[in-house]
Amino acid sequence: MKRRDWLQKSLLSSSSILVSPYLLQALNSKDEFDEILRLHWNENPFGPSKKVIQAVQAAVPDANLYWDEKNEELRSKLAKNHYLKPDQYLMTSGSTEILSLLGQHVGLQKGEIIMGDQSFPTIGIFGSRCGAKITKVAMKGNHLDLDAMLAAINDETKLVFICNPNNPTSTEISKEKLEEFCKEVSQNVLICVDEAYIEFSELGAEGSLVSLVNELPNIVIARTFSKAYGLAGFRLGYAISQSHNINALQRRYPALGMAPGLLPFVAGIAAVKDQGFVTEVVRKTNEGKSIMYDAFDKWEVNYASSSTNFLYVEKDKFVIDVRPKLADDNIWITQWPSMKNHLRISIGRPEWMETLVTKLEPLRV
Ligand SMILES: Cc1ncc(COP(=O)(O)O)c(C=O)c1O
């Protein structure tokens, strides 16, 4: 059975997921799933690196064992790079799990989470499912409004969520401003800084707030291997914090040090050693961004200057059904329900972006 047929069959037979008509249409009209330009989930079109693939292939025969030593090895490597200790890390199946754990942590206390009203929703979704109150603070243009977020903190607030750089708006707040903000937040309130896209930011990984972790007892950083490292399918993420917070999260984490598993850990260890790959990914991503910036400037389309591997673009210069029309051409982009006048477009390979420009051109109004 072809991969497309299998996918279609399993999607149709699943009653628990909402099947996108664009997905089915794309699967119907193309022979190979790979021909779809996946510009909808901010995946890395260049990864995993060759070194990661080799390391994982070599490790497959060892997959009969639990191998939690690999968890320790990866935490030690990360800790060494950040001048921290291994017990300041919790490794999980993607940073989604960190955000879910934090959301639950606040929800079970019936506390409040403060976040931007255009920001990554996972922590709010899990928080509210567990009983947290979610307060969304209006954006200042395409940026998180730190002053307004600070002013919103009250006695009920248990956590402030800062996604930096921010998804979906693609903008970043400078390290200095964010450090200042974190120091002003009461130490009774947790600050979760989601750095999923930090490698694409102005300072790269140097812009991380990891440098504040030993100074502030209330900061938890969420990081992922899904983006710049190109390991989304391996599901590998982690939290960095002081050990009392890591222990609290660990107590709620069902996997007890066994997750994510041998192959994700091996992939992560090889990826951390291969920083040249990340540099190349960022360079190629910038190339793709320039292609889109040039087209948008020519067409007078407004967009946010991106510190990520995606673009946040105003849609009023395009036909109203620009997204389904692109899907007809097997190009997938994103518009969350909360994004009233914007599209989010991931940066793929430069040649994909050239194709996108060609397909977008006739969809202008
Ligand atoms: C801002 C942000 N945080 C976290 C995640 C979750 O990533 P993962 O669970 O793959 O580590 C994503 C995924 O798109 C994201 O955009």
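Computed quantities for the displayed model
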read-out	value
Close pairs (6 angstrom Cβ cut-off, 6 or more residues apart or separate chains): closer than 15 Å to Ser76 by Cα in the stretch 225-244, within 9 Å of the ligand (Cβ to nearest atom) and among the basic types (Lys, Arg) anywhere	Tyr238/Arg223
The one condition in (1) closer than 26 Å to Phe234 by Cα; (2) in contact (Cβ under 8 Å) with a residue 60 or more places away in the chain; (3) not β-branched (Val, Ile, Thr) that Asn286 fails to fulfil	(2)
Residue that is farthest from Leu159 (Cα to Cα) [pool: residues in the stretch 104-120 that are within 12 Å of the ligand (Cβ to nearest atom) and outside any loop (DSSP other than H, G, I, E, B)]	Gly116
Single unsatisfied condition, Gly47 versus (1) closer than 25 Å to Thr279 by Cα; (2) at pLDDT below 95; (3) more than 15 Å from the ligand (Cβ to nearest atom)	(3)
Odd one out for Glu184, checked against (1) without any contact (Cβ under 8 Å) to a residue 60 or more places away in the chain; (2) buried (at least 21 other Cβ atoms within 10 Å of the Cβ)	(2)
Hits in the stretch 121-146 - residues which are within 13 Å of Lys158 (Cα to Cα) and aliphatic (A, V, I, L, M)	Ile123, Ala132, Ile134
Some residue of the stretch 320-331 being surrounded by 14 or more Cβ atoms within 10 Å (Cβ to Cβ), in contact (Cβ under 8 Å) with a residue 60 or more places away in the chain and at positive phi	yes
Test result for Ala239, touching a strand residue (DSSP E or B) at 6+ places or on another chain (Cβ under 6 Å) and assigned by TED's automatic domain parsing to the domain that holds Trp67	yes
Residues of the stretch 79-100 satisfying the condition of being away from the ligand (no atom under 15 Å from the Cβ) and either of a type outside the set (A, V, I, L, M) or surrounded by fewer than 15 Cβ atoms within 10 Å (Cβ to Cβ) (or both)	Lys80, Asn81, His82, Tyr83, Lys85, Pro86, Asp87, Gln88
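Conditions tested, residue by residue: (1) part of a helix (DSSP H, G or I); (2) surrounded by fewer than 19 Cβ atoms within 10 Å (Cβ to Cβ); (3) within 21 Å of the chain's Cα centre (by Cα); (4) within 16 Å of the ligand (Cβ to nearest atom).
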| position | (1), (2), (3), (4) |
| --- | --- |
| Trp41 | no, yes, yes, yes |
| Ile53 | yes, yes, no, no |
| Pro61 | yes, yes, no, no |
| Glu72 | yes, yes, no, no |
| Lys77 | yes, yes, no, no |
| Leu102 | yes, no, yes, yes |
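The values are calculated or read from the model by the stated rules, or taken from the named source; none is laboratory data. Keep in mind it's a predicted model, so treat the numbers as computed, not measured. Cβ atoms come from the backbone with ideal geometry, glycine included; neighbour counts cover every protein chain shown.
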